[in-house]
Amino acid sequence: MKKLAIMGSGKGSNFEAIAKYFKDKEVEITCLSDVENSPILKKAEKLNIKFKYLPFENNFEYFTKNKFDLVVLAGYMKIFPEEVLNLAKFINIHPSLLPSFKGKDAIKQAFLAGVKVSGITIHWVEKSVDTGKIIAQYPVFIDNSMSLDEFEEEIHIIEHKLYPIVIEKILEDKVFDFQDLMKSSCGGKCGSNKGNKGCGGNCES
Ligand code: GRF
């Protein structure tokens, strides 16, 4: 049985989508929140999923004692120190096409900037905010007639569809990086492959 922790500070709509997706699958979910009585914890209770109020300062101790195959951030509003990130694999979802529109209110930032394409990003978590290598992205197009509310709704629909699938692929160890794949096609050694673009461009000189 795989062990998954889902951490959030607020509404928990992504948590709910993930919990429903894994309902009859071999994955044990624990919902964690740094905000006591937050809606995400209430949702967990209602869905009969293990939940816990976990103050931010207790993260190190908790993840030292409790091991998870993956820790999923879904609307978690604080930044983890490296010592905590070293204790498990952490991923995050962000409602823009990173590296554009980092930080808070990314949906509104993108809309007000007038971009015609934004979207969602799922990425590994590093200690600086909204960086970390990208695992998956999906675009959302903003046409002239779209309101901010409609755009926001569309972003959340995509988040709820994509996040559970990406989580499942990570748990099955089926996520890979195209760059690594290209490099491994010549084992990282260029030798007679000089000029071979199939090696991620590494063999050109
Ligand atoms: C999502 O839009 C996610 O991309 C961002 O925070 C929001 C969390 O929403 N990181 P919810 O708590 O899952 O409803």
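The values are calculated or read from the model by the stated rules, or taken from the named source; none is laboratory data. Just so you know, these numbers come straight off a predicted model, no measurement behind them. Cβ coordinates were reconstructed from backbone atoms using ideal geometry, including for glycine residues, and neighbour counts include every protein chain displayed. Surface accessibility is based on the protein's heavy atoms, side chains included, excluding ligands, DNA and RNA. Shrake-Rupley method; radii C 1.70, N 1.55, O 1.52, S 1.80 Å.
Using a cut-off of 19 Å between alpha-carbon atoms, which lysines can reach Lys174, once sequence neighbours fewer than 8 places away in the same chain are excluded?
Lys2, Lys3, Lys25, Lys89, Lys133, Lys161, Lys183
For the chain, what does the alpha-carbon gyration tensor say about shape, rounded, prolate or oblate, given a ≥ b ≥ c as the root eigenvalues, a/c under 1.5 as rounded, and a/b over b/c as prolate?
Oblate is the answer for the chain, as a/c is 1.5 or above yet b/c matches or exceeds a/b.
If you put +1 on each Lys and Arg Cβ and -1 on each Asp and Glu Cβ, how big is the dipole of the chain around its Cα centre, in Debye rounded to 20?
That gives a dipole near 480 debye.
Please tell me the relative contact order of the chain in percent, rounded to the nearest whole number, where contacts are Cα pairs under 8 Å and at least six residues apart.
Reported as a whole number, the value is 16 percent.
Roll a 1.4 angstrom probe over the protein heavy atoms and tell me the percent of accessible area of the chain that is carbon or sulfur.
53
At 0.36 nm per residue, minus the direct Cα-Cα distance, what do Ile165 and Lys116 gain on full extension? Give it in nm, one decimal, please.
Full extension of this stretch gives 15.0 nm more.
Calculate the spin-label point distance for Ser100 paired with Val129, positioning each point 7 Å from the Cα along the beta-carbon direction, and give it in nanometres.
2.0
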